[in-house]
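Structure below; questions to follow.
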Amino acid sequence: MSKPRIYLSPPHMSGKELHYIKEAFESNWIAPLGPNVDEFEKDIASYVGVNEAVAVSSGTAAIHLALSLLDVKKGDTVFCSSLTFVASANPIVYQGAEPVFIDSEPDTWNMSPEALERALTYAFYDGKMPKAIIVVNLYGQSAKMDEIVEICNKYNVPIIEDAAESLGSTYKSKQSGTFGKFGIYSFNGNKIITTSGGGMLVSDDTEAVKKARFLATQARDPAPHYQHSLLGFNYRMSNILAGIGRAQLEILNERIRARRIIFNRYSEELAHIQGIEFMPELENTFSNRWLTALTVNENEVGVSVKTLLETLTEENIEARPVWKPLHMQPLFEKAKYYPHSEDENVSEQLFVTGLCLPSGSNLTEVNQQRVIRSLANTIKQKVR
Ligand SMILES: *Cc1c(COP(=O)(O)O)cnc(C)c1O
């Protein structure tokens, strides 16, 4: 008998979700609109402190709508963090535009302001400024938003903040996802709170979000005969799933607390190992610690990330390398890329040394100890 599976970041229901689902059934709001959708949008807007939010079918859809609202189209370029999940950049291609990838910096693992500044300077002299910049907050850690916002303002380029992984995190006490023209969240099954699948687009520009809601509902002009002047999408969130979201948002702060405790336990028990370093938390920021991520210096630890992953897999524990940088993906082979500096390629380095450990808010201490023991034993054996 193999040991029970430990997942990287499984869903964690509170039980209250059923109440809102039942309401949806009893009122027969089994549709991509309804009272749960309206309330969930209001709840998110008020939690993160923005004027308006629209609930959609995925985080990817939210990014796509943001790009569409910024009129990104064929021939345009959009700058995007390289160290991220492919969904951050795919919508750029849906719009027929070209992504340009920006490296990370070592303090947050997120977009390097230095690389961004260099890329914008080149773009400026080329006379081909990007239509937008997509900044990702990896594993819950906010990017260096002051620097990034300042550079983008200088060049007058709007920011889309991909906060799919960082709902509830803050930067200088301001909620993650509220720094750009648009912010997006994801409620995919593996995120810190989930609706099974879903997303949210937020902004202080009420009119823009209203337009997003219109586009996400097939861009139906106000006429009884289904008239359309613009190209729309079918991107709204189901009223049943929004019910799950309402209950999940009520316990978001508890989920963040649990994930931070898990992070702290890993770091207390493993930080003494020479060559292991945990993902930093930048001063004046608060990370939801969606995933516990660390780097392994193979020369010092005596074991590679690959070996650690193999042993964890043998023990039925799901762990992962950090995201493969998008500029290294076959899909984006032809895309331009700006490294952090001439001799520092931070995202590529993190890809080789990075490891994400099981971090679900429902991970028990006993199971977490299984992960810790597996890592510690593998390292000890190989070192001897
Ligand atoms: C999950 C994720 C997305 C996409 O969200 P979906 O809801 O799965 O479409 C986008 N960006 C990042 C960084 C993510 O982690």
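The values are calculated or read from the model by the stated rules, or taken from the named source; none is laboratory data. Keep in mind that this is a model prediction, so the values were computed, not measured. Quick reminder, even Gly has a Cβ in these numbers, built from the backbone with ideal geometry, and neighbours come from all protein chains shown. The accessibility values were calculated without ligands, DNA or RNA, using every heavy atom of the protein model including side chains. Shrake-Rupley method; radii C 1.70, N 1.55, O 1.52, S 1.80 Å.
Given the pairs Lys74/Lys128; Lys131/Lys191; Lys144/Lys334, which span a C-alpha to C-alpha distance of over 24 angstrom in this model?
Lys131/Lys191; Lys144/Lys334
Over the Cα atoms of the chain, what radius of gyration and what Dmax do you get, in Å?
Spelled out, the Cα radius of gyration and Dmax of the chain are 21.2, 76 Å.
Could you give me the ³J(HN,Hα) list for the range 362-369, computed from phi with Karplus coefficients 6.51, -1.76, 1.60 and θ = phi - 60°, whole Hz, x at Gly and Pro?
9, 6, 7, 5, 4, 5, 5, 5
May I ask for the Rg/Rh ratio of the range 1-130, computed from Cα atoms with Rh as the Kirkwood radius, given to two decimals?
Reported Rg/Rh (Cα atoms, Kirkwood Rh): 1.09.
In terms of solvent-accessible area of protein heavy atoms at a 1.4 angstrom probe, what is the ranking of Arg257, Arg320, Arg118, highest value first?
Per-residue accessible area, sorted high to low, gives Arg257, Arg320, Arg118.
For the range 336-367 and the range 200-268, what is the separation of their C-alpha centers, rounded to whole Å?
Between the Cα centre of the range 336-367 and that of the range 200-268, the gap is 27 Å.
How much length, in nm to one decimal, is gained on full extension between Glu254 and Glu268, taken as 0.36 nm per residue of separation minus their Cα-Cα distance?
Gain on stretching Glu254 to Glu268: 2.9 nm.
Please work out the average accessible area per residue across the range 59-111, using the 1.4 Å probe convention, and give it in Å².
On a per-residue basis, 27 Å².
To continue, here is another question. Tell me, what is a quarter of the convex hull surface for the C-alpha atoms of the range 253-383, in nm² with one decimal?
9.8
Another one. Calculate what fraction, in whole %, of the accessible area of the chain sits on carbon and sulfur atoms when a 1.4 Å probe is rolled over the protein chains.
Answer for the chain: carbon and sulfur cover 51 percent of the accessible area.
Quick check on the chain: helices-only [θ] at 222 nm, where DSSP H runs of length 4 and up contribute -39,500 (n - 2.57) each and the sum goes over total residues. Nearest 500, please.
Using -39500 (n - 2.57) per qualifying helix, the result is -12000 deg cm²/dmol.
OK, next. Quick one: grab the alpha carbon gyration tensor of the range 45-97, order the square roots of its eigenvalues as a ≥ b ≥ c, and give me rounded if a/c is under 1.5, else prolate or oblate depending on whether a/b is larger than b/c.
Taking the square roots of the gyration eigenvalues as a ≥ b ≥ c, the range 45-97 is prolate.
For the range 79-140, what does the alpha-carbon gyration tensor say about shape, rounded, prolate or oblate, given a ≥ b ≥ c as the root eigenvalues, a/c under 1.5 as rounded, and a/b over b/c as prolate?
Oblate, since a/c reaches 1.5 and b/c is not below a/b.
Kindly identify the range 147-287 as rounded, prolate or oblate by the Cα gyration tensor criterion: order the square roots of the eigenvalues as a ≥ b ≥ c, call it rounded if a/c is under 1.5, otherwise compare a/b with b/c, prolate if a/b is larger, else oblate.
Judged from the Cα gyration tensor, the range 147-287 comes out oblate (a/c at least 1.5, b/c at or above a/b).
Same structure, new question: If you put +1 on each Lys and Arg Cβ and -1 on each Asp and Glu Cβ, how big is the dipole of the range 156-247 around its Cα centre, in Debye rounded to 20?
Approximately 180 debye in magnitude.
Now a separate question. Please name whichever of Val86, Ile240, Tyr338 sits farthest to the positive end of the charge dipole of the chain, dipole taken about the Cα centre and charges placed at Cβ: Lys and Arg +1, Asp and Glu -1.
Value: Ile240.
Calculate the FRET efficiency for Glu314 and Gln218 from the Cβ-Cβ distance with a Förster distance of 41 Å, rounded to the nearest 0.05.
So, using R0 = 41 Å, E works out to roughly 0.25.
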